[in-house]
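The values are calculated or read from the model by the stated rules, or taken from the named source; none is laboratory data. Note that the coordinates shown come from a computational prediction; the quantities given were computed from them, not determined experimentally. A quick note on method: Cβ atoms are made from the backbone with ideal geometry, for glycine too, and the neighbour counts reach across all protein chains shown.
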Amino acid sequence: MLNGSGTFDAIAARRAFGDMLLDRFPFDAFVSKTITAEPRQGNPPPRLWETPAGLINSIGLPNKGLDGFLASDLPQLAELPVPLVVSVMGFSRDELASLAGAACERDEVAMVELNVSCPNVETGLIMGADPDETARALERVRPVTDRPLIVKLTPNANDPAAVARAAEGAGADAVSLINTLKGTALHPRTRAAWLGAGSGGVSGPAVRAIALEQVRSVAAAVEIPVIGMGGIASGRHAAEFMAAGAAAVAVGTESFRDPAAGARIAAELAGGAAPG
């Protein structure tokens, strides 16, 4: 059981709950917020919109940048009682490789997740939406580290299975999916865009059926492990993803409602996954 990147703030939770968080940590491995080379403020507010069956977020990847993460966040995350996966996103293949290499120089980092949902400034293509772009990105990153590399796939690709095969062929150790789907919300009175950036990513139960199909398709296409996510809120949901071929699952939006969701869902899964 993992967390979806950016959906569980372990540092803030430690401040709130103290060492009790370490004793009752809800995940078997922790994925950091996505970090970029330079600090980012994120998108202008408002950043969130609740839907009848989920959430639209337009956070915009606020983070301290690589240097700030290594100096400030990493020492705190290294105190967690589970392996640490650092999520990185670069706007070029060289930048992605530089981020992954710098993260893997630290012994505290067990794995790296490559968030390839951004446009490559060299080509204008979304790295994770095009198999060739994905392969070239992996071919640049793979030589810089022998740590396991997880490629987080975008659901907005025409053929996620083809992207997954390209990632596997270029040296990925696992793939994770799905990331959020594009969505927007309008102000109920003015009908102008509600979110400060105009649009965001839809997550939660609304995307579960889509996620389940993409996990099934990708798992049938590759030999490497698949980490499934997308609207998982119960042990039954987790069991469905594993039946579709996922080797592990991740919890995201449900953690906003229930911070202990990861542990609860794992217990339900171990107990037979009867709860809905």
Can you confirm whether the range 223-235 contains a residue that is crowded, with 18+ Cβ neighbours inside 10 Å and at positive phi?
-> yes
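Conditions (1) assigned to a helix (DSSP H, G or I); (2) buried (at least 18 other Cβ atoms within 10 Å of the Cβ); (3) at pLDDT below 95, marked per residue:
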| residue | (1), (2), (3) |
| --- | --- |
| Gly101 | yes, no, no |
| Gly124 | no, no, yes |
| Ala129 | no, yes, yes |
| Leu138 | yes, yes, no |
Residue check for Ala161: surrounded by fewer than 20 Cβ atoms within 10 Å (Cβ to Cβ), out of contact with any Gly (no Cβ under 9 Å at 6 or more places or on another chain) and in contact (Cβ under 8 Å) with a residue 60 or more places away in the chain = yes
Just one of Gly262, Gly252 is in contact (Cβ under 8 Å) with a residue 12 or more places away in the chain and either under 30 Å from Arg140 (Cα atoms) or of a type in the set (Val, Ile, Thr) (or both); which is it?
-> Gly252
Only residues that are assigned to a loop (DSSP other than H, G, I, E, B) and modelled with pLDDT of 95 or more: list them for the range 48-86, please.
-> Lys64, Ala78, Glu79, Leu80, Pro81, Val82, Pro83
Tally of residues being loosely packed, with under 13 Cβ neighbours inside 10 Å and over 13 Å from Glu79 (Cβ atoms) across the range 14-28 | 3
Considering only the range 8-33, how many residues are within 20 Å of Val249 (Cβ to Cβ) and modelled with pLDDT under 95?
-> 0
Is it true that Arg189 is under 25 Å from Arg24 (Cβ atoms) and surrounded by fewer than 21 Cβ atoms within 10 Å (Cβ to Cβ)?
-> no
Do you know which residues across the range 221-260 are among the basic types (Lys, Arg) and touching a helix residue (DSSP H, G or I) at 6+ places or on another chain (Cβ under 6 Å)?
-> none
Pairs, first under 11 Å from Gly65 (Cα atoms) and without any contact (Cβ under 8 Å) to a residue 40 or more places away in the chain in the range 24-48, second surrounded by 17 or more Cβ atoms within 10 Å (Cβ to Cβ) and of a type outside the set (Val, Ile, Thr), C-beta under 6 Å, six or more apart = Pro39/Lys64; Arg40/Leu61; Arg40/Asn63
Please enumerate the residues belonging to the range 147-158 that are in contact (Cβ under 8 Å) with a residue 40 or more places away in the chain, part of a loop (DSSP other than H, G, I, E, B) and either of a type in the set (Val, Ile, Thr) or over 15 Å from Arg216 (Cβ atoms) (or both).
-> Arg147
Applying the selection to the range 103-118, what residues are buried (at least 18 other Cβ atoms within 10 Å of the Cβ) and among the charged types (D, E, K, R)?
-> Glu113
